[in-house]
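Participant: Below is the structure I would like to discuss, written out as structure tokens.
The values are calculated or read from the model by the stated rules, or taken from the named source; none is laboratory data. Given the structure is predicted, the values throughout are model-derived calculations rather than measurements. All Cβ positions, glycine included, derive from the backbone under ideal geometry; neighbour counts span all protein chains shown. Accessible surface areas use protein heavy atoms only, side chains included; no ligands, DNA or RNA. Shrake-Rupley method; radii C 1.70, N 1.55, O 1.52, S 1.80 Å.
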Amino acid sequence: MAAAGGPGPTCVLGIDLGTTSVKAALVTGTERGLALAQSCSRETQAYSDSPGAAAQGMEQDVQKIIKALNECLAALPQQQLQQVTHIGISGQMHGVVFWKSDKGCRWSEGGPGPAFEADRVSHLVTWQDGRCSPAFLSSLPLPQSHVSLATGFGCPTIFWYSKNSPDFLKAYDAAGTIQDYVVAMLCDLKKPLMSVQNAASWGYFNCRNKSWNTDILKKSGFPVHLLPEVGDPGSVAGRTTCAWHGIPKGAKVGIALGDFQCSVYSCLTERTDAVLNISTSAQLTISMPLGFQPPEAPDPSSAVTYFPYFNGDYLAVAASLNGGNVLATFVGMVAQWAQELGFQVQESAIYPRIIQAALAQKHSKLSIHPTIFGERHLPELLASVSSIGASELSLGHVSRALCRGLVENLSSMFPVQHLQELGVTRVLGSGTALARNEVLRQEVERIFPFPVVYGKDVDAAVGAAMVMFHRK
């Protein structure tokens, strides 16, 4: 079907480099609007040991991430890849990967078109990394930014290396998020380019004047030469330098975006909607009124943070570190107990049974505060269970209380009254944990006094493609 102003549908490739998987989506323009033509995702299975950071470290092997990306693209139809004119790339925020700018990757011929693999590249230190203890963070200079520092953020991680392992940094002259790395390789950028969205997620970035806190960082001996250049989300970072997987050479590549912003972009059409996403972690998000500017300095005790969006807008976000990962840990615990008792049960068999048991148990006086991973604004406050009665110990009671606790935790971070004051009239529910778990959906409907709409697929890869479409 012909797109406006072209001899056939224009095709945009959207890519999301997520925490556990890589996804690629081909989006085409039709007379009726945008359509998802094809998509493919691959688990990265990239978690790796962190020798320097002991048990607190959380690192991923970049080679494995790029391998999954190549597999994704190889699975998409060649005919459509050859029609791609623009590429939008998003990925997990906060994390940092280091590389040698002239040896970041190796290109190889093979299949329908050239592909690259990681070369002189460090592991990706992800947003889940815990090496920056509260004591270490409090020893760092105060940023001039509306974002509080947290472990797993790019700049504190770089500080950690410069203080604990300075030789490690000497091998590299470039740094960015994993998505910035991919954009730099595709466009052969000598210096990485980062969007305001990813820069804000690293800390020490002032969104009002769109610049790093260079003076503050220099005074503390921070290696400022590793900081990327910064540009606006939605702008073009460069063009592909060869026919990557058959995509024509010279395709425009957008500056890399935050997976969070792209997920929201894929589904948020009305300012009166709130997006509730529960996947590995959980977020409740709304679009702030036009012209809103975040405060000059963060309120460390506030659970709501402000993320740069597009066109100078901001999203208000209650971002919880506790979502589907808590349920996965619970399932793992049950499996572990079973194993210790001499039974072998697959975790994949446990999850549906836990949901069935909880569905049969509508009420539970048991109260679970489920923050086993802490929260950024309260890192020390871990999970607790209270009101344990003898009749509340069934699998159904515990599972129901756990699901309720997850939703209550999110609503305590962004109270219903605050949502109402900001004009919210509807909740869009999304995310894998919400899609798979009817108990979580019941609890969302019980706790939030708005109509809840599901099936608004939140998809960062599609969102990244849509951004490029709307800005061509």
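Participant: List the pairs whose first member sits in segment 130-142 and is closer than 22 Å to residue 49 by Cα, whose second member is part of a loop (DSSP other than H, G, I, E, B) and among the hydroxyl-bearing types (Ser, Thr, Tyr), and whose Cβ atoms are under 6 Å apart, counting only residues at least 6 apart or on separate chains?
Facilitator: 130/151; 132/151
Participant: Here is a follow-up. Which of the following residues is open to solvent by less than 20 Å² (accessible area, probe 1.4 Å) and within 26 Å of residue 34 (Cα to Cα): 256, 282?
Facilitator: Being open to solvent by less than 20 Å² (accessible area, probe 1.4 Å) and within 26 Å of residue 34 (Cα to Cα) holds for just one of 256, 282, which is 256.
Participant: Another question, if that's okay. Considering 411, 386, which residue is within 17 Å of residue 321 (Cβ to Cβ) and either surrounded by 14 or more Cβ atoms within 10 Å (Cβ to Cβ) or modelled with pLDDT of 95 or more (or both)?
Facilitator: Going through 411, 386 in turn, just one is within 17 Å of residue 321 (Cβ to Cβ) and either surrounded by 14 or more Cβ atoms within 10 Å (Cβ to Cβ) or modelled with pLDDT of 95 or more (or both): 411.
Participant: Same structure again: Mind checking which residues of segment 56-78 are assigned to a helix (DSSP H, G or I), more than 15 Å from residue 23 (Cβ to Cβ) and either in contact with a helix residue (DSSP H, G or I) (Cβ under 9 Å, 6 or more places away or on another chain) or in contact (Cβ under 8 Å) with a residue 40 or more places away in the chain (or both)?
Facilitator: Once the filter is applied, which keeps residues that are assigned to a helix (DSSP H, G or I), more than 15 Å from residue 23 (Cβ to Cβ) and either in contact with a helix residue (DSSP H, G or I) (Cβ under 9 Å, 6 or more places away or on another chain) or in contact (Cβ under 8 Å) with a residue 40 or more places away in the chain (or both), segment 56-78 yields 56, 62, 63, 78.
Participant: Out of segment 427-448, which residues are modelled with pLDDT under 95 and open to solvent by 30 Å² or more (accessible area, probe 1.4 Å)?
Facilitator: Within segment 427-448, 432, 435, 436 qualify.
Participant: Then there's this: Checking the structure you have, find out if any residue of segment 286-307 is more than 24 Å from residue 144 (Cα to Cα) and not charged (D, E, K, R).
Facilitator: The answer is yes, given that some residue of segment 286-307 is more than 24 Å from residue 144 (Cα to Cα) and not charged (D, E, K, R).
Participant: Sticking with this one: Can you pull out every residue in segment 348-371 that is open to solvent by 40 Å² or more (accessible area, probe 1.4 Å), hydroxyl-bearing (Ser, Thr, Tyr) and at pLDDT below 95?
Facilitator: Listed by number, the list holds a single entry, 348.
Participant: Can you list residue pairs whose Cβ atoms sit under 6 Å apart, with the first residue in segment 167-182 being more than 30 Å from residue 14 (Cβ to Cβ) and in contact (Cβ under 8 Å) with a residue 40 or more places away in the chain and the second being open to solvent by 10 Å² or more (accessible area, probe 1.4 Å) and in a helix (DSSP H, G or I)? Count only pairs 6 or more apart in sequence or on different chains.
Facilitator: Close Cβ pairs (under 6 Å, with a partner that is open to solvent by 10 Å² or more (accessible area, probe 1.4 Å) and in a helix (DSSP H, G or I)) amount to 168/161; 169/161.
Participant: Another question, if that's okay. Determine which single condition residue 421 fails, assuming it passes every other condition in (1) over 15 Å from residue 359 (Cβ atoms); (2) in contact (Cβ under 8 Å) with a residue 24 or more places away in the chain; (3) of a type outside the set (Lys, Arg).
Facilitator: Among (1) over 15 Å from residue 359 (Cβ atoms); (2) in contact (Cβ under 8 Å) with a residue 24 or more places away in the chain; (3) of a type outside the set (Lys, Arg), the lone unmet condition for residue 421 is (2).
Participant: For residue 293, are the conditions met, namely being over 26 Å from residue 468 (Cα atoms), open to solvent by 60 Å² or more (accessible area, probe 1.4 Å), out of contact with any His (no Cβ under 7 Å at 6 or more places or on another chain) and in the same structural domain as residue 409 (by TED's automatic domain parsing)? Talk me through it step by step, then tell me what you get.
Facilitator: Numbers: over 26 Å from residue 468 (Cα atoms): no; open to solvent by 60 Å² or more (accessible area, probe 1.4 Å): yes; out of contact with any His (no Cβ under 7 Å at 6 or more places or on another chain): yes; in the same structural domain as residue 409 (by TED's automatic domain parsing): yes.
So residue 293 does not fit the description; no.
Participant: Every residue in segment 157-195 that is farther than 22 Å from residue 140 by Cβ and either among the hydrophobic types (A, V, I, L, M, F, W, C) or in contact with a Cys (Cβ under 8 Å, 6 or more places away or on another chain) (or both), please. Break it down stepwise before answering.
Facilitator: So the first thing to find is which residues in segment 157-195 are farther than 22 Å from residue 140 by Cβ, and the list is 171, 173-174, 178-193, 195.
Result: 171, 174, 178, 182, 183, 184, 185, 186, 187, 189, 193.
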